Amino acid sequence: MTITTLTRSAAVLAVAAACSMAQAAAPMAKFQAPGFYRTTLGDFEVTVLNDGSIDLPVDQLLKQPPAKTNAALAKSFLKSPVETSVNAFLINTGSKLVLIDAGAASLFGPTAGKLLANFKASGYKPEQVDEIYISHMHGDHVGGLTANEQRVFPNAVVRAGKLDADYYLNPGNLDKATGEEKQDFQGAMMSLNPYVKAGKFQPIIANSELVPGIKSYFNGGHTPGHITYVIESAGQKLVLLGDLLHVQAVQFENPGVGVNFDSDSKVAIAERKEAFAAAAKGGYLIGASHLSFPALGHVRADGKGYDFVPVNYALPR
Ligand SMILES: [Zn+2]
């Protein structure tokens, strides 16, 4: 070994040491990839938009003993509170751009409200949205419609169940509400009223085809006018379940477990059971607001309950 080789080795070691120091000093990035996931459904393009997440104390919220909930969570390697996704769905039918639900904006704290950023990251502009269909008028589904009392989607017509509009946009009900319940009414009014005033709100009165390929189905257990949306194109089908379920680690295995948020728990349970049975039988895709992002998958029958099978990651074609 010559002196030159030794010097070179020392230099290499010094560089390596400097590099490892530089790596150790790099700060943690602490941000996630943009929250959108794109796939195709027949001739339609579907983009799931993540609005962030909310920590839910599900052992307190589900209508069964906490120990049972905690045991079910442990089987999915989870603990209460469960970090729960908030999602919305953007459907490009080729002739209409339709947003289904709108996220929470500021109504559910700093971990949610990321829909608009993810919508823009997905390659669209708010002015391009033609129609917005709301599953129900809770804040985590309507908050993102407005910012500073202005419509975020200036060219869009917003449609939601008439029963929800009659209930949540009624000032008399706000006056009667107490405590946290008041926030539900205030959030809905703040989010919807700018569209109502602009003549851009149309209540949905009955099950119907809203644009070619997208149909509304009422199921009023979670809120009086809760709606699921069925998307169909070229023989493929996606059913967006809205808030027919909240805790995937518990409610697929046992769809009979209700949640405190439901306005009529019995009806909501019956609707969930029916929706899961139909999805398992039909073999079509489902999406839901609080499934773990990207919130798309299939339902498989498993004994008395079901398994949720998330979609295989795929690039759009
Ligand atoms: Zn919700």
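Got a number for residues in segment 262-285 being out of contact with any Lys or Arg (no Cβ under 8 Å at 6 or more places or on another chain), surrounded by 14 or more Cβ atoms within 10 Å (Cβ to Cβ) and not polar (S, T, N, Q)?
13
Filtered by the rule that a residue be in contact with a helix residue (DSSP H, G or I) (Cβ under 6 Å, 6 or more places away or on another chain) and either assigned to a helix (DSSP H, G or I) or crowded, with 24+ Cβ neighbours inside 10 Å (or both), segment 98-108 gives D101, A102, G103, A104, A105.
Is it true that V82 is of a type in the set (V, I, T) and more than 16 Å from the ligand (Cβ to nearest atom)?
Details: of a type in the set (V, I, T): yes; more than 16 Å from the ligand (Cβ to nearest atom): no.
So V82 fails the test.
Taking the criterion of being more than 16 Å from the ligand (Cβ to nearest atom), in contact (Cβ under 8 Å) with a residue 12 or more places away in the chain and assigned to a loop (DSSP other than H, G, I, E, B), the residues of segment 109-143 that qualify are S122, Y124, V129, D130. In segment 144-154, of all residues being part of a loop (DSSP other than H, G, I, E, B) and of a type outside the set (S, T, N, Q), the one that is farthest from the ligand (Cβ to nearest atom) corresponds to P154.
For segment 109-126, a residue qualifies if it is surrounded by fewer than 18 Cβ atoms within 10 Å (Cβ to Cβ) and either among the hydroxyl-bearing types (S, T, Y) or in contact with a Pro (Cβ under 6 Å, 6 or more places away or on another chain) (or both), and the qualifying residues are T111, A121, S122, Y124. Contact map, segment 161-178: first residue assigned to a loop (DSSP other than H, G, I, E, B), second residue modelled with pLDDT of 95 or more and small (G, A, S), Cβ cut-off under 9 Å, separation 6 or more or different chains; pairs are L169/A188.
In summary, N207 fulfils each of the numbered conditions (1) of a type in the set (S, T, N, Q); (2) under 30 Å from G94 (Cα atoms); (3) crowded, with 18+ Cβ neighbours inside 10 Å with the single exception of condition (3).
Would you mind finding the one in E131, E149 that is closer than 16 Å to Y195 by Cα, surrounded by fewer than 23 Cβ atoms within 10 Å (Cβ to Cβ) and modelled with pLDDT of 95 or more? Even if it seems obvious, please write down each step before you answer.
On the way: E149 fails: modelled with pLDDT of 95 or more.
Exactly one residue qualifies, and that residue is E131.
The values are calculated or read from the model by the stated rules, or taken from the named source; none is laboratory data. Remember, it's a predicted structure, so these values are computed and weren't measured experimentally. When we count neighbours, we look across all protein chains shown, and the Cβ atoms used for this are built from the backbone with ideal geometry, even at glycine.
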